[in-house]
Amino acid sequence: MQHSPAVVPTALALVWALIALVLGSYVAAARRHPRWSPWRTLSFVGGGALLLVALSSSVVHWAHADLRGHMFQHLLLGMFAPLLFVMAAPVTLFLASVGPRTARRTVRVLHSRPVRVLSHPIAALLLNVGGMVLLYSTQLFVLSRSSAWLHVLVHYHFLAAGYLFAWSIAGPDPAPGRPSVRYRAVVLFVAIAVHSTLGKLMYVHGWPQGAGVARSELEAAAQWMYYGGDLAEMLLIAALGAVWYAERGRSLASARTEATSH
């Protein structure tokens, strides 16, 4: 079943320009800080590159003509690009690049109640994986294919919820009231279990129902989601492991310093 792209070329050009502006701003800020890790810069640029691929004309048309293309786009927008953005620590770079007044205001926003609630791993889990369950197990997906505004909103949700979840689990940027690594690991494994189960249900029951495509295409899209999601989640596990290793190293160094002082 063929679908007309909901995003016109003019809108795509504006999105590309916005992505290029954000990438340029990050790189310029990183160059003003000689000690800033080039790996973080590379991570941010990589995330931007994945966004550009996901929103390229060929992928947009493929996503509207084939559910496998939609799932490929979903994986880039909702899982791989957000993880690369999070690992680039953009908030830390922003705080280091602005004046004291702006930095204090930003910190106050980060510690506000709405941000504290949204950045909690369970809230981020519900928004991220819960949003996927809602999209593919109901008629919301079919509606998003016929409504341009809803289609764009779904894409924004993929990107924002994916970023929020990765940030809450393994982000190097500061997060107010972030639970322990063990707590976050449990939430991550719950997310993996739900995501895998959703992929299996899509394969078995032919979700999203009413999409008007062949069963073989539905099954192939479910496989893309299942195996592509596994890869993204393995990377997130590695990122969380790196966070645990760094925290453990700091704790041991602090303990040694305290023992030496006594």
Checklist entry - In region 97-119, which residues are open to solvent by 60 Å² or more (accessible area, probe 1.4 Å) and under 15 Å from the mean Cα position of the chain (by Cα)? => result L118
Item to check | Number of the condition not met by S58 [criteria: (1) closer than 17 Å to H157 by Cα; (2) at pLDDT below 95] | outcome: (1)
Next on the checklist: Can you say whether Q223 is surrounded by 13 or more Cβ atoms within 10 Å (Cβ to Cβ), under 20 Å from G130 (Cα atoms) and modelled with pLDDT under 95, as far as the supplied structure shows?
Outcome noted: no
Checklist outcome for this item: Filtering region 20-61 down to residues that are open to solvent by 60 Å² or more (accessible area, probe 1.4 Å), free of Cβ contacts under 8 Å to residues at least 12 places away in the same chain and not aliphatic (A, V, I, L, M) yields S25, R31, P34, R35, P38, W39, S58
Checklist outcome for this item: Matching residues in region 136-169 (of a type outside the set (S, T, N, Q), over 18 Å from I192 (Cβ atoms) and open to solvent by less than 30 Å² (accessible area, probe 1.4 Å)) number 4
Checklist entry - With (1) within 19 Å of the chain's Cα centre (by Cα); (2) over 27 Å from G69 (Cα atoms) as the list, and Y183 as the residue in question, which single condition is left unmet? => result (1)
Item to check | Index of the failed condition, Y183 passing every other in (1) surrounded by fewer than 18 Cβ atoms within 10 Å (Cβ to Cβ); (2) modelled with pLDDT under 95 | outcome: (2)
Checklist entry - Conditions: (1) at pLDDT 95 or above; (2) open to solvent by less than 60 Å² (accessible area, probe 1.4 Å). K200 meets all but one. Number of the miss? => result (2)
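Give the residues of region 17-51 that are polar (S, T, N, Q), within 18 Å of the chain's Cα centre (by Cα) and either outside any helix (DSSP H, G or I) or within 16 Å of F80 (Cβ to Cβ) (or both), sorted by residue number.
S43
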Next on the checklist: Conditions first: (1) within 22 Å of L201 (Cβ to Cβ); (2) of a type in the set (A, V, I, L, M); (3) surrounded by fewer than 21 Cβ atoms within 10 Å (Cβ to Cβ). L77 passes all but one, so which condition is the exception?
Outcome noted: (3)
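The values are calculated or read from the model by the stated rules, or taken from the named source; none is laboratory data. Since we're looking at a predicted model, the values are computed, not measured. All Cβ positions, even for glycine, are placed from backbone atoms using ideal geometry, and neighbour counts span all protein chains on display. What goes into the accessible areas is simple: the full protein's heavy atoms, side chains included, and nothing from ligands, DNA or RNA. Shrake-Rupley method; radii C 1.70, N 1.55, O 1.52, S 1.80 Å.
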